[in-house]
Amino acid sequence: MPHHILVADDDPHIREVICFALEKAGMKTVSVADGAAALQAVERRAPDLIVLDIGMPEMDGLEVCRQLRRTSEVPVLFLSARDEEIDRILGLEMGGDDYVTKPFSPRELVARVNVILRRARPAAPEPTDDRQFSHGKLILAPARHAASFDGRPLALTGIEFSILKGFLARPLHVLDRDVVMANAYAANIHVADRTVDSHIRNIRAKLAAAGCLDAIETVHGVGFRLGRCGA
């Protein structure tokens, strides 16, 4: 089945370019021109991913994402005409999975969408890959895309899950930012250091809410290491 993508942007030309590129890549699209319409479209049919413009009038993309995250973990790829670091950080901390600045390459946007979709809906694993990863009280089951801490389920985005899986695969190693992001993104996609930090911050916050205060340690000047996780 083709992936169903919702495109929300107040510029009709940008909506047309994005929908054309995604449909050429074999996806189905629905486009809307404002944030309220985006929320209504999600209620009518939950998409596999939302391409969401931050700078829409009346209800901007950040507010749309904030409302979505109350009930949904649908992947979100933010678009913005501003290349300000604070915008990228806010978007990721609101629960976005990635961030693209206008003007953008339609091919790169499609590539980023595909990466997010692969992480959000991983292919059925081979029998040898159905094992669980555990460390302390933290458990990840990749085959079911399920994560929990001390029995409490964790609502992780696809990229957050992949990052955490990378840590659990090598629990004693210090991973630099390049390795952390290689666990989550295709190798040909550049991701800024602040993007890495935002994803790590989100993972820590979700684990802290579940009672884990030592999930990921920062090794200054080197990278990150998995903490004791309540062990």
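Against the definition (open to solvent by 10 Å² or more (accessible area, probe 1.4 Å), at pLDDT below 85 and more than 16 Å from the chain's Cα centre (by Cα)), how does residue 126 come out, yes or no?
Taking the combined requirement at face value, the residue satisfies it.
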Practice prompt. Just one of (1) over 22 Å from residue 108 (Cβ atoms); (2) crowded, with 17+ Cβ neighbours inside 10 Å; (3) of a type outside the set (Gly, Ala, Ser) trips up residue 6, so point out which.
Written response: (1)
Response to the item:
Filtering region 130-170 down to residues that are within 15 Å of residue 202 (Cβ to Cβ), assigned to a loop (DSSP other than H, G, I, E, B) and open to solvent by 10 Å² or more (accessible area, probe 1.4 Å) yields 154, 155, 156
Practice prompt. Grab the helices (runs of 4 or more DSSP H) fully contained in region 1-103, keeping just those with 2 or more residues being under 20 Å from the mean Cα position of the chain (by Cα) and in contact (Cβ under 8 Å) with a residue 40 or more places away in the chain.
Written response: 12-24, 61-68, 85-93
Fill in: Residue list for region 65-90, restricted to those being touching a Phe, Trp or Tyr at 6+ places or on another chain (Cβ under 7 Å) and either open to solvent by 80 Å² or more (accessible area, probe 1.4 Å) or at pLDDT below 75 (or both)
88
Worksheet item: Does residue 223 meet the test of being in contact (Cβ under 8 Å) with a residue 12 or more places away in the chain and surrounded by 14 or more Cβ atoms within 10 Å (Cβ to Cβ)?
Response: yes
Discussion item. Cβ contacts < 6 Å: first residue touching a residue at least 24 places away in the same chain (Cβ under 8 Å), restricted to region 157-183; second residue assigned to a loop (DSSP other than H, G, I, E, B) and open to solvent by 60 Å² or more (accessible area, probe 1.4 Å), any location; separation 6+ or different chain. Result?
Written reply: 174/222
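Here's a check for you: in region 171-195, which residue that is part of a helix (DSSP H, G or I) and either of a type in the set (Ser, Thr, Tyr) or open to solvent by 40 Å² or more (accessible area, probe 1.4 Å) (or both) is modelled with the lowest pLDDT?
Per the stated criteria, the residue is 193.
The values are calculated or read from the model by the stated rules, or taken from the named source; none is laboratory data. These numbers were taken from a predicted model, which means no experiment stands behind them. In this analysis, Cβ positions are derived from the backbone assuming ideal geometry, glycine residues included, and neighbour counts consider all displayed protein chains. For the accessible areas, the whole protein counts, side chains as well, though only heavy atoms, and no ligand, DNA or RNA atoms are used. Shrake-Rupley method; radii C 1.70, N 1.55, O 1.52, S 1.80 Å.
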